[in-house]
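The values are calculated or read from the model by the stated rules, or taken from the named source; none is laboratory data. Keep in mind that what you see is a predicted model, and the values were worked out from it rather than measured. Every residue, glycine among them, receives a Cβ derived from its backbone with ideal geometry; neighbour counts consider all protein chains shown. For the accessible areas, the whole protein counts, side chains as well, though only heavy atoms, and no ligand, DNA or RNA atoms are used. Shrake-Rupley method; radii C 1.70, N 1.55, O 1.52, S 1.80 Å.
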Amino acid sequence: MEIEPPLDPASHRRQTRDAYDRLAAVWSVTTDRGPFNGFLERPAVRALVPRPLAGSTVVDAGCGSGAQCAWLLDQGADVIGIDLSPAMVEESRRRCAGRGRLLVADLAHPLPLEPRSVDGITCSLALHYLRDWEVPLRSFTSSLRPGGWVVISLDHPFAPPLGHQRGGYLDIELVSDTWTKAGVEVTQHFWRRPLAQTANAFADAGLLIERIVEPQPSAEALERFPVELGPLVGTPSFIVYRLRLSA
């Protein structure tokens, strides 16, 4: 069952963009070495990225302030970074210092990528802002060369429900969460959906699930952030998929 969302899709995307524009100036300092992005989700994403990357072309879809773009560049990849937020793209350009190609683009629309022009795609905690994945996943598959890969991270479908959620696990629901980062407070809305709906969307787009990681805090992460990450031990929070383009 789909629970009626409070926002129409265009308003939702504008709100998402505006929130990330507000966060752009503080995003790197609050997330690069932060507990959830820096020490839990990003290590899991990078562990699933196939190596070596030298000579390959990789898209980072939803690049934010450029942490993943910079990492991919340092691994030797040619990088195309894409984000909905113009302010985040500017932060990425500053971080990458002229390296890579960094573009403002909306995942809800076909991406400005040539067919069969890239070897891999990373998409970190971005797809859940969209109800309909047909357009972004088709953009991914059309741009991939044969044998191409996609690494996607999402909120885990079995994660504890947010306090205001009305639906259950089998419902597709637009939920919200309020973040405060370096004094900047925003409320973001994103979709929660059951595992079958996610896996079927991948299959419909011609992507096969190759690996799944359900990250848990490392010993180092727990030592640094016992209050934030301690409650996540044994509890799902993020899920990361490595997908391959089907033959």
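Per residue, the accessible area of the chain comes to 46 Å² when a 1.4 Å probe rolls over the protein heavy atoms.
Distance between the modelled labels on Asp171 and Arg145, one decimal in nanometres: 4.6 nm (7 Å Cα→Cβ projection). Taking each residue as 0.36 nm, the span from Asp8 to Ala159 lengthens on full extension beyond its C-alpha to C-alpha distance by 51.8 nm.
The magnitude of the dipole of the chain, with charges of +1 and -1 set on the Cβ of Lys/Arg and Asp/Glu and taken from the Cα centre, is near 580 debye. In the stretch 178-222 the Cα-Cα distances spread across 10 Å bins starting at 0 as 18, 25, 34, 21, 1 percent of all pairs. Ellipticity at 222 nm from helices only: DSSP H runs of n ≥ 4 in the chain, each -39500 (n - 2.57), divided by the residue count, give -9500 deg cm²/dmol. Counting protein heavy atoms only, the chain has 54 percent of its accessible area on carbon and sulfur, 1.4 angstrom probe.
The ellipsoid equivalent to the alpha-carbon distribution of the chain has semi-axes of 25, 22, 19 angstrom, derived from the gyration tensor eigenvalues as √(5λ) and listed largest first. Counted over all Cα-Cα pairs of the stretch 1-138, pairs farther apart than 20 Å make up 47 percent. GNM, the chain, Cα, under 10 Å: largest mean-square fluctuation among Ser56, Ser92, Ser143? Among Ser56, Ser92, Ser143, the largest GNM mean-square fluctuation belongs to Ser56. Counting only Cα atoms, the size of the stretch 150-232 along its three principal axes is 40, 31, 23 Å, in decreasing order. If amide H atoms are built 1.01 Å from N in the plane of the peptide, which residues on other chains or at least 5 residues away come under 5 Å of the amide H of Phe238? Correct list: His156. Largest GNM mean-square fluctuation across Ile121, Ile80, Ile212, computed for the chain with C-alpha springs under 10 Å, falls on Ile212. For Thr57, the solvent-accessible surface with a 1.4 Å probe is about 30 Å², rounded to the nearest 10.
Averaged over residues, the count of other Cβ atoms within 10 Å places the peptides 9-22, 63-76, 171-184 in the sequence 63-76, 9-22, 171-184, highest first.
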